[in-house]
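J.: Sharing a structure here in C-alpha coordinates format.
The values are calculated or read from the model by the stated rules, or taken from the named source; none is laboratory data. Just so we're clear, the structure is a prediction, and the values are computed from it rather than from any experiment. Counting neighbours? That spans all protein chains shown, and the Cβs are built from the backbone with ideal geometry, glycine included.
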Ligand SMILES: [Zn+2]
Ligand SMILES: [Zn+2]
(Lines give C-alpha, C1' and ligand atoms only; values in the text may rest on other atoms or scores of the structure.)
(Ligands and ions follow the chains in the order given, each with its own letter.)
Protein backbone atom coordinates (compact mmCIF):
# COMPACT_ATOMS: atom_id res chain seq x y z
CA UNK A 1 0.00 0.00 0.00
CA UNK A 2 1.22 3.46 -0.80
CA UNK A 3 1.39 6.15 1.82
CA UNK A 4 4.35 8.52 1.77
CA UNK A 5 4.97 11.45 4.08
CA UNK A 6 6.81 14.46 2.66
CA UNK A 7 8.13 17.06 5.10
CA UNK A 8 9.65 20.35 4.03
CA UNK A 9 10.12 23.31 6.36
CA UNK A 10 7.03 23.34 8.55
CA UNK A 11 4.85 21.61 5.97
CA UNK A 12 3.89 17.98 6.15
CA UNK A 13 1.86 16.27 3.41
CA UNK A 14 0.93 12.75 2.47
CA UNK A 15 1.25 11.46 -1.08
CA UNK A 16 -1.41 8.74 -1.46
CA UNK A 17 -3.17 6.82 1.27
CA UNK A 18 -3.72 3.26 0.11
CA UNK A 19 -4.82 -0.03 1.61
CA UNK A 20 -4.17 -3.71 0.98
CA UNK A 21 -6.41 -6.73 0.80
CA UNK A 22 -5.33 -9.90 2.60
CA UNK A 23 -4.71 -13.10 0.71
CA UNK A 24 -8.16 -14.78 0.61
CA UNK A 25 -6.88 -18.09 2.00
CA UNK A 26 -5.10 -16.53 4.99
CA UNK A 27 -7.55 -13.72 5.66
CA UNK A 28 -8.71 -14.92 9.13
CA UNK A 29 -11.68 -12.61 8.86
CA UNK A 30 -9.57 -9.58 7.97
CA UNK A 31 -11.09 -7.63 5.09
CA UNK A 32 -8.73 -4.71 4.71
CA UNK A 33 -5.24 -3.77 5.87
CA UNK A 34 -4.52 -0.07 6.29
CA UNK A 35 -1.39 1.84 7.29
CA UNK A 36 -0.90 2.73 10.94
CA UNK A 37 -1.04 6.53 11.14
CA UNK A 38 0.53 6.86 14.60
CA UNK A 39 3.57 8.71 13.20
CA UNK A 40 1.26 11.44 11.91
CA UNK A 41 -0.61 11.50 15.22
CA UNK A 42 2.66 12.06 17.07
CA UNK A 43 3.85 14.64 14.56
CA UNK A 44 0.54 16.41 15.16
CA UNK A 45 0.10 18.17 11.86
CA UNK A 46 -0.97 17.14 8.38
CA UNK A 47 -1.42 19.88 5.79
CA UNK A 48 -2.77 17.94 2.82
CA UNK A 49 -3.16 14.61 1.06
CA UNK A 50 -2.11 14.53 -2.59
CA UNK A 51 -3.57 11.62 -4.53
CA UNK A 52 -1.92 10.29 -7.68
CA UNK A 53 -4.88 8.20 -8.93
CA UNK A 54 -7.97 6.32 -7.80
CA UNK A 55 -6.70 2.75 -7.31
CA UNK A 56 -7.39 1.16 -3.91
CA UNK A 57 -3.69 0.78 -3.12
CA UNK A 58 -3.44 4.59 -3.36
CA UNK A 59 -6.73 5.94 -2.00
CA UNK A 60 -8.37 3.05 -0.10
CA UNK A 61 -7.27 4.08 3.41
CA UNK A 62 -8.43 7.68 3.03
CA UNK A 63 -11.68 7.10 5.00
CA UNK A 64 -9.61 5.79 7.93
CA UNK A 65 -7.12 8.66 7.73
CA UNK A 66 -9.88 11.28 7.61
CA UNK A 67 -11.46 9.86 10.76
CA UNK A 68 -8.22 10.74 12.54
CA UNK A 69 -7.50 13.95 10.62
CA UNK A 70 -10.96 15.18 9.62
CA UNK A 71 -9.97 18.64 8.39
CA UNK A 72 -7.21 17.57 6.01
CA UNK A 73 -7.71 18.91 2.48
CA UNK A 74 -7.60 16.23 -0.22
CA UNK A 75 -6.10 16.99 -3.65
CA UNK A 76 -6.68 14.89 -6.75
CA UNK A 77 -7.69 14.96 -10.39
CA UNK A 78 -11.33 14.76 -11.55
CA UNK A 79 -11.70 11.01 -11.84
CA UNK A 80 -9.64 10.37 -8.70
CA UNK A 81 -11.85 12.70 -6.66
CA UNK A 82 -15.00 11.14 -8.15
CA UNK A 83 -13.81 7.70 -6.99
CA UNK A 84 -12.83 9.05 -3.57
CA UNK A 85 -16.12 10.90 -3.02
CA UNK A 86 -18.03 7.71 -3.76
CA UNK A 87 -15.89 5.81 -1.28
CA UNK A 88 -16.15 8.41 1.47
CA UNK A 89 -19.93 8.63 1.02
CA UNK A 90 -20.13 4.87 1.74
CA UNK A 91 -18.34 5.56 5.02
CA UNK A 92 -20.52 8.60 5.73
CA UNK A 93 -17.50 10.91 5.77
CA UNK A 94 -17.11 14.30 4.14
CA UNK A 95 -13.86 16.06 3.24
CA UNK A 96 -12.56 19.22 1.68
CA UNK A 97 -11.79 18.28 -1.92
CA UNK A 98 -9.52 20.24 -4.23
CA UNK A 99 -9.36 19.36 -7.89
CA UNK A 100 -5.94 19.52 -9.49
CA UNK A 101 -5.10 19.88 -13.17
CA UNK A 102 -1.77 19.00 -14.82
CA UNK A 103 0.46 22.06 -15.32
CA UNK A 104 -1.47 24.10 -12.75
CA UNK A 105 0.73 24.73 -9.73
CA UNK A 106 -0.78 24.99 -6.27
CA UNK A 107 0.40 25.50 -2.72
CA UNK A 108 -0.22 23.55 0.47
CA UNK A 109 1.00 23.89 4.06
CA UNK A 110 3.58 26.62 4.53
CA UNK A 111 4.33 27.53 0.93
CA UNK A 112 4.97 24.00 -0.31
CA UNK A 113 4.33 24.24 -4.04
CA UNK A 114 3.35 21.26 -6.14
CA UNK A 115 2.48 20.59 -9.76
CA UNK A 116 0.54 17.58 -11.10
CA UNK A 117 2.19 15.78 -14.04
CA UNK A 118 0.08 13.85 -16.52
CA UNK A 119 0.97 10.13 -16.76
CA UNK A 120 -0.78 7.23 -18.53
CA UNK A 121 -1.93 4.39 -16.27
CA UNK A 122 -4.75 1.83 -16.14
CA UNK A 123 -7.25 4.34 -14.73
CA UNK A 124 -8.18 7.80 -16.05
CA UNK A 125 -6.57 11.00 -14.82
CA UNK A 126 -3.46 9.51 -13.21
CA UNK A 127 -0.77 12.02 -12.30
CA UNK A 128 2.65 12.25 -10.76
CA UNK A 129 3.73 15.29 -8.75
CA UNK A 130 6.61 17.73 -8.80
CA UNK A 131 7.13 19.11 -5.29
CA UNK A 132 9.19 22.24 -4.66
CA UNK A 133 10.77 21.38 -1.31
CA UNK A 134 13.40 23.29 0.68
CA UNK A 135 15.95 20.75 -0.55
CA UNK A 136 15.02 21.19 -4.21
CA UNK A 137 12.62 19.62 -6.67
CA UNK A 138 11.21 16.20 -5.88
CA UNK A 139 9.43 14.31 -8.66
CA UNK A 140 7.05 11.46 -7.78
CA UNK A 141 5.87 9.55 -10.86
CA UNK A 142 2.85 7.88 -9.26
CA UNK A 143 1.91 4.65 -11.09
CA UNK A 144 2.74 5.13 -14.75
CA UNK A 145 3.54 3.60 -18.09
CA UNK A 146 4.56 5.27 -21.33
CA UNK A 147 1.74 4.55 -23.76
CA UNK A 148 2.28 6.30 -27.09
CA UNK A 149 -1.29 5.61 -28.24
CA UNK A 150 -3.43 5.73 -25.10
CA UNK A 151 -7.15 5.12 -25.53
CA UNK A 152 -8.01 8.52 -24.04
CA UNK A 153 -5.23 10.29 -25.99
CA UNK A 154 -3.59 11.55 -22.80
CA UNK A 155 0.14 10.98 -23.29
CA UNK A 156 2.89 11.12 -20.74
CA UNK A 157 3.77 14.81 -20.44
CA UNK A 158 7.27 14.19 -21.83
CA UNK A 159 8.00 17.85 -22.40
CA UNK A 160 7.22 18.79 -18.79
CA UNK A 161 9.25 15.91 -17.36
CA UNK A 162 12.18 16.96 -19.58
CA UNK A 163 11.84 20.61 -18.50
CA UNK A 164 11.91 19.57 -14.84
CA UNK A 165 15.02 17.52 -15.60
CA UNK A 166 16.62 20.64 -17.10
CA UNK A 167 15.76 22.66 -13.99
CA UNK A 168 17.50 20.05 -11.84
CA UNK A 169 15.70 17.46 -9.73
CA UNK A 170 17.00 16.57 -6.27
CA UNK A 171 15.11 13.31 -6.08
CA UNK A 172 13.04 11.11 -8.40
CA UNK A 173 10.66 8.55 -6.90
CA UNK A 174 9.51 6.13 -9.59
CA UNK A 175 7.11 3.18 -10.04
CA UNK A 176 9.02 -0.13 -9.81
CA UNK A 177 6.20 -2.66 -10.42
CA UNK A 178 7.65 -4.01 -13.69
CA UNK A 179 11.33 -3.35 -12.95
CA UNK A 180 12.09 -7.02 -13.58
CA UNK A 181 10.58 -6.93 -17.06
CA UNK A 182 12.66 -5.94 -20.05
CA UNK A 183 11.32 -3.91 -22.95
CA UNK A 184 8.18 -1.83 -22.87
CA UNK A 185 4.56 -2.40 -21.85
CA UNK A 186 2.15 -2.90 -24.78
CA UNK A 187 -0.29 -0.08 -25.43
CA UNK A 188 -3.83 -0.25 -24.11
CA UNK A 189 -4.96 0.41 -27.68
CA UNK A 190 -3.47 -2.91 -28.85
CA UNK A 191 -5.60 -4.72 -26.27
CA UNK A 192 -8.65 -2.85 -27.59
CA UNK A 193 -7.92 -3.91 -31.17
CA UNK A 194 -7.37 -7.48 -30.05
CA UNK A 195 -10.72 -7.52 -28.21
CA UNK A 196 -12.53 -6.28 -31.34
CA UNK A 197 -10.90 -9.06 -33.40
CA UNK A 198 -11.80 -11.76 -30.88
CA UNK A 199 -15.43 -10.67 -30.70
CA UNK A 200 -15.94 -10.85 -34.46
CA UNK A 201 -17.90 -13.93 -35.47
CA UNK A 202 -18.92 -15.03 -31.96
CA UNK A 203 -22.48 -16.36 -32.03
CA UNK A 204 -23.27 -16.56 -28.33
CA UNK A 205 -23.08 -13.99 -25.55
CA UNK A 206 -19.74 -12.35 -24.91
CA UNK A 207 -18.76 -11.79 -21.29
CA UNK A 208 -15.75 -9.57 -20.59
CA UNK A 209 -14.39 -9.50 -17.08
CA UNK A 210 -11.92 -6.78 -16.11
CA UNK A 211 -10.97 -4.32 -13.37
CA UNK A 212 -13.89 -1.92 -13.19
CA UNK A 213 -11.68 1.13 -12.78
CA UNK A 214 -9.90 0.46 -16.08
CA UNK A 215 -12.18 2.84 -17.97
CA UNK A 216 -9.91 2.67 -21.04
CA UNK A 217 -10.49 -1.09 -21.22
CA UNK A 218 -14.22 -0.53 -20.72
CA UNK A 219 -14.10 1.91 -23.65
CA UNK A 220 -12.41 -0.76 -25.78
CA UNK A 221 -15.11 -3.25 -24.79
CA UNK A 222 -17.80 -0.76 -25.83
CA UNK A 223 -16.06 -0.36 -29.22
CA UNK A 224 -16.04 -4.14 -29.66
CA UNK A 225 -19.76 -4.23 -28.81
CA UNK A 226 -20.60 -1.45 -31.28
CA UNK A 227 -18.58 -3.18 -34.03
CA UNK A 228 -20.72 -6.31 -33.57
CA UNK A 229 -24.06 -4.52 -33.05
CA UNK A 230 -24.30 -5.82 -29.53
CA UNK A 231 -26.02 -4.19 -26.57
CA UNK A 232 -23.99 -3.83 -23.37
CA UNK A 233 -25.06 -4.99 -19.92
CA UNK A 234 -22.95 -4.07 -16.88
CA UNK A 235 -23.03 -6.49 -13.96
CA UNK A 236 -21.57 -6.08 -10.48
CA UNK A 237 -21.61 -3.09 -8.20
CA UNK A 238 -18.09 -1.81 -8.82
CA UNK A 239 -18.53 -2.10 -12.60
CA UNK A 240 -21.83 -0.23 -12.44
CA UNK A 241 -20.31 2.46 -10.20
CA UNK A 242 -17.21 3.01 -12.32
CA UNK A 243 -19.16 3.11 -15.58
CA UNK A 244 -21.57 5.61 -14.01
CA UNK A 245 -18.69 7.82 -12.80
CA UNK A 246 -17.01 7.68 -16.22
CA UNK A 247 -20.31 8.48 -17.97
CA UNK A 248 -20.97 11.43 -15.66
CA UNK A 249 -17.54 12.87 -16.47
CA UNK A 250 -17.91 12.21 -20.20
CA UNK A 251 -15.00 9.75 -20.20
CA UNK A 252 -16.77 7.11 -22.31
CA UNK A 253 -17.81 7.53 -25.94
CA UNK A 254 -20.62 5.39 -27.32
CA UNK A 255 -23.82 5.67 -29.38
CA UNK A 256 -27.16 6.24 -27.60
CA UNK A 257 -29.12 3.17 -26.42
CA UNK A 258 -25.99 1.03 -26.21
CA UNK A 259 -26.57 0.03 -22.59
CA UNK A 260 -29.49 -2.16 -21.49
CA UNK A 261 -30.54 -3.06 -17.95
CA UNK A 262 -29.66 -6.50 -16.61
CA UNK A 263 -33.41 -7.12 -16.21
CA UNK A 264 -33.89 -6.61 -19.95
CA UNK A 265 -30.97 -8.86 -20.92
CA UNK A 266 -33.15 -11.96 -21.10
CA UNK A 267 -35.18 -10.36 -23.94
CA UNK A 268 -32.16 -10.16 -26.25
CA UNK A 269 -30.83 -13.08 -28.28
CA UNK A 270 -27.36 -14.20 -27.08
CA UNK A 271 -25.59 -12.85 -30.18
CA UNK A 272 -26.87 -9.34 -29.42
CA UNK A 273 -25.31 -9.07 -25.95
CA UNK A 274 -21.96 -8.14 -24.49
CA UNK A 275 -21.77 -8.40 -20.72
CA UNK A 276 -19.22 -6.30 -18.84
CA UNK A 277 -18.44 -7.48 -15.34
CA UNK A 278 -15.88 -7.77 -12.58
CA UNK A 279 -14.57 -11.00 -11.11
CA UNK A 280 -11.57 -11.76 -13.33
CA UNK A 281 -9.58 -12.54 -10.15
CA UNK A 282 -11.99 -15.32 -9.15
CA UNK A 283 -13.54 -13.23 -6.37
CA UNK A 284 -16.25 -15.44 -4.86
CA UNK A 285 -18.96 -12.78 -4.57
CA UNK A 286 -18.42 -11.17 -7.97
CA UNK A 287 -20.89 -11.03 -10.86
CA UNK A 288 -18.75 -13.44 -12.88
CA UNK A 289 -18.78 -15.98 -10.03
CA UNK A 290 -22.59 -15.83 -9.96
CA UNK A 291 -22.72 -16.27 -13.75
CA UNK A 292 -20.34 -19.23 -13.51
CA UNK A 293 -22.52 -20.91 -10.87
CA UNK A 294 -25.75 -20.14 -12.74
CA UNK A 295 -26.91 -18.03 -9.80
CA UNK A 296 -27.44 -14.74 -11.57
CA UNK A 297 -31.12 -13.73 -11.46
CA UNK A 298 -31.40 -12.40 -15.03
CA UNK A 299 -28.46 -13.68 -17.08
CA UNK A 300 -27.87 -17.40 -17.67
CA UNK A 301 -24.79 -18.50 -19.61
CA UNK A 302 -25.10 -21.33 -22.14
CA UNK A 303 -22.95 -23.41 -24.47
CA UNK A 304 -21.62 -21.16 -27.23
CA UNK A 305 -21.05 -18.16 -24.95
CA UNK A 306 -17.54 -16.71 -24.81
CA UNK A 307 -15.96 -15.46 -21.58
CA UNK A 308 -12.89 -13.21 -21.89
CA UNK A 309 -10.83 -12.63 -18.76
CA UNK A 310 -9.23 -9.32 -19.64
CA UNK A 311 -6.77 -9.02 -16.79
CA UNK A 312 -3.69 -10.61 -15.30
CA UNK A 313 -3.98 -12.78 -12.20
CA UNK A 314 -2.83 -11.22 -8.96
CA UNK A 315 -0.53 -13.73 -7.20
CA UNK A 316 -2.52 -15.69 -4.64
CA UNK A 317 -5.73 -15.72 -6.72
CA UNK A 318 -4.71 -18.52 -9.12
CA UNK A 319 -6.65 -21.31 -7.37
CA UNK A 320 -9.88 -19.32 -7.04
CA UNK A 321 -9.66 -18.33 -10.70
CA UNK A 322 -9.01 -21.91 -11.83
CA UNK A 323 -12.17 -23.02 -9.96
CA UNK A 324 -14.16 -20.25 -11.61
CA UNK A 325 -12.95 -21.25 -15.08
CA UNK A 326 -13.92 -24.87 -14.34
CA UNK A 327 -17.47 -23.76 -13.54
CA UNK A 328 -17.68 -21.69 -16.72
CA UNK A 329 -16.41 -24.56 -18.87
CA UNK A 330 -18.92 -26.88 -17.18
CA UNK A 331 -21.67 -24.57 -18.44
CA UNK A 332 -20.31 -25.02 -21.96
CA UNK A 333 -18.65 -21.60 -22.22
CA UNK A 334 -15.40 -21.01 -24.04
CA UNK A 335 -12.99 -19.15 -21.75
CA UNK A 336 -10.07 -17.00 -22.91
CA UNK A 337 -7.58 -15.87 -20.29
CA UNK A 338 -4.33 -13.92 -20.53
CA UNK A 339 -2.36 -17.06 -19.68
CA UNK A 340 -4.15 -19.44 -22.05
CA UNK A 341 -4.66 -17.23 -25.08
CA UNK A 342 -2.09 -16.12 -27.65
CA UNK A 343 -4.16 -12.97 -28.18
CA UNK A 344 -3.41 -9.80 -26.24
CA UNK A 345 -6.23 -9.74 -23.66
CA UNK A 346 -4.52 -7.54 -21.12
CA UNK A 347 -1.64 -5.14 -20.67
CA UNK A 348 -0.07 -3.77 -17.53
CA UNK A 349 -0.62 -0.21 -16.37
CA UNK A 350 3.00 -0.01 -15.24
CA UNK A 351 6.22 0.86 -17.04
CA UNK A 352 8.74 -1.85 -17.95
CA UNK A 353 12.51 -1.31 -17.90
CA UNK A 354 12.59 0.59 -21.21
CA UNK A 355 10.09 3.17 -19.97
CA UNK A 356 11.60 3.34 -16.49
CA UNK A 357 14.98 4.05 -18.06
CA UNK A 358 13.44 6.80 -20.18
CA UNK A 359 11.93 8.42 -17.08
CA UNK A 360 15.32 8.43 -15.35
CA UNK A 361 16.97 9.86 -18.48
CA UNK A 362 14.36 12.62 -18.74
CA UNK A 363 14.70 13.66 -15.10
CA UNK A 364 18.40 12.90 -14.44
CA UNK A 365 17.89 13.20 -10.68
CA UNK A 366 20.65 13.67 -8.11
CA UNK A 367 19.09 10.87 -6.07
CA UNK A 368 16.84 8.08 -7.29
CA UNK A 369 14.39 6.27 -4.98
CA UNK A 370 12.51 3.28 -6.42
CA UNK A 371 8.97 2.98 -5.01
CA UNK A 372 5.87 0.79 -5.49
CA UNK A 373 7.12 -2.77 -5.55
CA UNK A 374 8.44 -5.66 -3.54
CA UNK A 375 12.09 -5.52 -2.49
CA UNK A 376 13.42 -7.41 -5.52
CA UNK A 377 11.61 -4.97 -7.83
CA UNK A 378 13.01 -1.96 -5.97
CA UNK A 379 16.48 -3.51 -6.20
CA UNK A 380 16.09 -4.16 -9.96
CA UNK A 381 14.93 -0.58 -10.49
CA UNK A 382 17.89 0.71 -8.45
CA UNK A 383 20.29 -1.27 -10.68
CA UNK A 384 18.66 0.25 -13.74
CA UNK A 385 19.11 3.75 -12.29
CA UNK A 386 22.76 3.04 -11.53
CA UNK A 387 23.32 2.02 -15.16
CA UNK A 388 21.73 5.33 -16.15
CA UNK A 389 24.21 7.20 -13.97
CA UNK A 390 21.83 8.06 -11.12
CA UNK A 391 22.53 7.44 -7.45
CA UNK A 392 19.88 5.10 -6.05
CA UNK A 393 18.72 4.76 -2.45
CA UNK A 394 16.51 1.76 -1.73
CA UNK A 395 14.11 2.68 1.05
CA UNK A 396 11.69 0.30 2.74
CA UNK A 397 8.62 0.93 4.89
CA UNK A 398 9.59 3.18 7.80
CA UNK A 399 12.86 4.42 6.24
CA UNK A 400 13.37 8.14 5.71
CA UNK A 401 15.21 9.69 2.77
CA UNK A 402 16.81 12.94 3.87
CA UNK A 403 17.46 15.50 1.17
CA UNK A 404 19.54 18.62 1.70
CA UNK A 405 20.10 21.39 -0.79
CA UNK A 406 23.45 20.88 -2.60
CA UNK A 407 24.34 17.84 -0.52
CA UNK A 408 24.09 14.12 -1.08
CA UNK A 409 20.88 12.52 0.13
CA UNK A 410 21.04 10.00 2.95
CA UNK A 411 18.90 7.15 4.17
CA UNK A 412 17.78 6.80 7.78
CA UNK A 413 16.57 3.23 8.16
CA UNK A 414 13.55 2.62 10.38
CA UNK A 415 13.37 6.31 11.16
CA UNK A 416 9.62 6.23 11.53
CA UNK A 417 7.41 3.73 13.31
CA UNK A 418 5.17 2.13 10.72
CA UNK A 419 2.74 -0.70 11.00
CA UNK A 420 -0.39 -2.22 9.62
CA UNK A 421 -3.91 -2.19 10.92
CA UNK A 422 -5.97 -5.28 10.31
CA UNK A 423 -9.67 -4.47 10.04
CA UNK A 424 -12.26 -7.23 9.93
CA UNK A 425 -14.96 -5.10 8.31
CA UNK A 426 -14.73 -2.25 5.85
CA UNK A 427 -16.42 0.12 8.28
CA UNK A 428 -14.44 -1.12 11.29
CA UNK A 429 -12.51 1.31 13.41
CA UNK A 430 -10.70 -1.12 15.67
CA UNK A 431 -7.56 -2.95 14.67
CA UNK A 432 -7.98 -6.70 15.06
CA UNK A 433 -4.36 -6.71 16.24
CA UNK A 434 -1.54 -9.20 15.92
CA UNK A 435 -2.48 -11.09 19.11
CA UNK A 436 -6.10 -11.61 18.04
CA UNK A 437 -4.92 -12.72 14.60
CA UNK A 438 -2.59 -15.27 16.15
CA UNK A 439 -5.50 -16.55 18.27
CA UNK A 440 -7.68 -16.80 15.16
CA UNK A 441 -4.94 -18.72 13.39
CA UNK A 442 -4.63 -21.09 16.34
CA UNK A 443 -8.41 -21.54 16.64
CA UNK A 444 -8.59 -22.36 12.94
CA UNK A 445 -5.84 -24.95 13.28
CA UNK A 446 -6.74 -26.65 16.56
CA UNK A 447 -10.20 -25.60 17.76
CA UNK A 448 -10.95 -24.59 21.34
CA UNK A 449 -11.99 -26.18 24.63
CA UNK A 450 -13.61 -24.25 27.45
CA UNK A 451 -12.81 -25.78 30.85
CA UNK A 452 -15.26 -24.64 33.53
CA UNK A 453 -14.45 -25.28 37.18
CA UNK A 454 -16.17 -24.12 40.39
CA UNK A 455 -13.97 -23.92 43.53
CA UNK A 456 -14.75 -23.28 47.19
CA UNK A 457 -13.35 -19.82 47.83
CA UNK A 458 -11.94 -20.71 51.26
CA UNK A 459 -10.58 -24.23 50.87
CA UNK A 460 -9.89 -24.15 47.13
CA UNK A 461 -11.59 -27.57 46.84
CA UNK A 462 -13.40 -28.38 43.59
CA UNK A 463 -17.15 -27.90 44.11
CA UNK A 464 -18.20 -28.61 40.52
CA UNK A 465 -16.50 -29.62 37.30
CA UNK A 466 -14.25 -29.43 35.55
CA UNK A 467 -16.72 -29.39 32.67
CA UNK A 468 -15.45 -29.29 29.13
CA UNK A 469 -17.04 -27.70 26.07
CA UNK A 470 -15.32 -28.05 22.71
CA UNK A 471 -15.61 -26.31 19.33
CA UNK A 472 -13.72 -27.52 16.29
CA UNK A 473 -11.56 -29.96 18.28
CA UNK A 474 -10.64 -33.22 16.53
CA UNK A 475 -10.97 -36.56 18.36
CA UNK A 476 -13.26 -35.21 21.08
CA UNK A 477 -15.07 -38.38 22.17
CA UNK A 478 -16.36 -39.32 25.65
CA UNK A 479 -13.24 -41.26 26.66
CA UNK A 480 -10.99 -38.35 25.71
CA UNK A 481 -13.21 -35.92 27.60
CA UNK A 482 -13.17 -37.97 30.78
CA UNK A 483 -9.40 -38.39 30.50
CA UNK A 484 -9.00 -34.61 30.09
CA UNK A 485 -11.22 -34.05 33.14
CA UNK A 486 -9.19 -36.55 35.14
CA UNK A 487 -5.84 -35.03 34.11
CA UNK A 488 -7.01 -31.51 34.94
CA UNK A 489 -8.14 -32.69 38.41
CA UNK A 490 -4.73 -34.29 38.93
CA UNK A 491 -3.01 -31.05 37.91
CA UNK A 492 -5.17 -29.16 40.42
CA UNK A 493 -4.35 -31.68 43.15
CA UNK A 494 -0.66 -30.88 42.72
CA UNK A 495 -1.35 -27.34 43.94
CA UNK A 496 -1.19 -26.57 47.65
CA UNK A 497 -4.34 -25.12 49.31
CA UNK A 498 -2.68 -21.70 49.33
CA UNK A 499 -1.82 -21.94 45.64
CA UNK A 500 -5.40 -22.93 44.86
CA UNK A 501 -6.60 -19.49 45.94
CA UNK A 502 -4.46 -17.97 43.17
CA UNK A 503 -6.59 -17.70 40.02
CA UNK A 504 -3.66 -17.56 37.66
CA UNK A 505 -2.09 -20.76 39.02
CA UNK A 506 -5.43 -22.61 38.98
CA UNK A 507 -6.11 -21.62 35.38
CA UNK A 508 -2.63 -22.66 34.31
CA UNK A 509 -3.02 -26.05 36.03
CA UNK A 510 -6.38 -26.66 34.33
CA UNK A 511 -4.94 -25.67 30.94
CA UNK A 512 -1.92 -27.93 31.38
CA UNK A 513 -4.05 -30.84 32.58
CA UNK A 514 -6.59 -30.67 29.75
CA UNK A 515 -3.96 -30.24 27.05
CA UNK A 516 -2.01 -33.26 28.27
CA UNK A 517 -4.94 -35.46 27.18
CA UNK A 518 -3.59 -34.89 23.66
CA UNK A 519 -0.20 -36.33 22.78
CA UNK A 520 2.24 -33.48 22.21
CA UNK A 521 4.24 -35.27 19.55
CA UNK A 522 1.43 -36.96 17.61
CA UNK A 523 -1.61 -34.69 17.84
CA UNK A 524 -2.56 -31.03 17.67
CA UNK A 525 -3.40 -29.80 21.14
CA UNK A 526 -6.47 -27.59 21.30
CA UNK A 527 -6.49 -24.06 22.65
CA UNK A 528 -7.86 -24.31 26.22
CA UNK A 529 -9.76 -21.50 27.88
CA UNK A 530 -10.11 -22.11 31.64
CA UNK A 531 -13.02 -20.43 33.44
CA UNK A 532 -12.70 -20.55 37.25
CA UNK A 533 -15.59 -19.53 39.48
CA UNK A 534 -15.23 -19.26 43.26
CA UNK A 535 -18.19 -19.89 45.56
ZN1 LIG B 1 -2.40 2.14 -9.95
ZN1 LIG C 1 -0.44 1.19 -7.42
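J.: Being farther than 24 Å from residue 214 by Cα, out of contact with any strand residue (DSSP E or B) (no Cβ under 7 Å at 6 or more places or on another chain), surrounded by fewer than 20 Cβ atoms within 10 Å (Cβ to Cβ) and touching a residue at least 60 places away in the same chain (Cβ under 8 Å) is true for just one of 303, 297. Which residue is that? Give the derivation first.
T.: Numbers: 297 fails: touching a residue at least 60 places away in the same chain (Cβ under 8 Å).
Just one listed residue meets the conditions, 303.
J.: Can you name the residue in the stretch 314-338 that is out of contact with any strand residue (DSSP E or B) (no Cβ under 9 Å at 6 or more places or on another chain) and in a loop (DSSP other than H, G, I, E, B) and, of all such residues, is nearest to ligand 2 (Cβ to nearest atom)?
T.: If we take residues in the stretch 314-338 being out of contact with any strand residue (DSSP E or B) (no Cβ under 9 Å at 6 or more places or on another chain) and in a loop (DSSP other than H, G, I, E, B), then 314 is nearest to ligand 2 (Cβ to nearest atom).
J.: For the stretch 324-339, which residues satisfy the criterion of being exposed (fewer than 14 other Cβ atoms within 10 Å of the Cβ) and in contact (Cβ under 8 Å) with a residue 12 or more places away in the chain? Spell out how you get there, then give the answer.
T.: Initially, the stretch 324-339 is screened for residues exposed (fewer than 14 other Cβ atoms within 10 Å of the Cβ), giving 326, 329-330, 332, 339.
Of everything in the stretch 324-339, those that are exposed (fewer than 14 other Cβ atoms within 10 Å of the Cβ) and in contact (Cβ under 8 Å) with a residue 12 or more places away in the chain turn out to be 332, 339.
J.: Could you identify the single residue in 173, 131 that is more than 30 Å from residue 311 (Cα to Cα) and crowded, with 23+ Cβ neighbours inside 10 Å?
T.: Working: 173 fails: more than 30 Å from residue 311 (Cα to Cα).
Testing whether each residue is more than 30 Å from residue 311 (Cα to Cα) and crowded, with 23+ Cβ neighbours inside 10 Å leaves just 131.
J.: Can you confirm whether residue 190 is more than 16 Å from ligand 1 (Cβ to nearest atom) and either free of Cβ contacts under 8 Å to residues at least 40 places away in the same chain or surrounded by 14 or more Cβ atoms within 10 Å (Cβ to Cβ) (or both)? Even if it seems obvious, please write down each step before you answer.
T.: Numbers: more than 16 Å from ligand 1 (Cβ to nearest atom): yes; either free of Cβ contacts under 8 Å to residues at least 40 places away in the same chain or surrounded by 14 or more Cβ atoms within 10 Å (Cβ to Cβ) (or both): yes.
Criteria met by residue 190.
J.: May I ask you to list the residues in the stretch 263-292 that are loosely packed, with under 15 Cβ neighbours inside 10 Å and farther than 12 Å from residue 206 by Cα?
T.: 263, 264, 266, 267, 268, 284, 285
J.: Further question: Do we have residue 14 as at pLDDT 95 or above, more than 16 Å from ligand 1 (Cβ to nearest atom), crowded, with 23+ Cβ neighbours inside 10 Å and under 22 Å from the mean Cα position of the chain (by Cα) here? Working first, answer last.
T.: On the way: at pLDDT 95 or above: yes; more than 16 Å from ligand 1 (Cβ to nearest atom): yes; crowded, with 23+ Cβ neighbours inside 10 Å: yes; under 22 Å from the mean Cα position of the chain (by Cα): yes.
Yes: the conditions hold for residue 14.
J.: Scanning for something away from ligand 1 (no atom under 16 Å from the Cβ), surrounded by fewer than 18 Cβ atoms within 10 Å (Cβ to Cβ) and not in a loop (DSSP other than H, G, I, E, B), does the stretch 42-61 turn up at least one residue?
T.: Yes, that holds for at least one residue.
J.: Sticking with this structure for a sec: Checking residue 30 against (1) part of a loop (DSSP other than H, G, I, E, B); (2) modelled with pLDDT of 95 or more; (3) surrounded by 20 or more Cβ atoms within 10 Å (Cβ to Cβ), which single condition isn't satisfied?
T.: (2)
J.: Quick one: which of 107, 90, 7 is part of a strand (DSSP E or B), away from ligand 2 (no atom under 16 Å from the Cβ) and loosely packed, with under 15 Cβ neighbours inside 10 Å? Spell out how you get there, then give the answer.
T.: Numbers: 90 fails: part of a strand (DSSP E or B); 7 fails: loosely packed, with under 15 Cβ neighbours inside 10 Å.
On inspection, the qualifying residue turns out to be 107.
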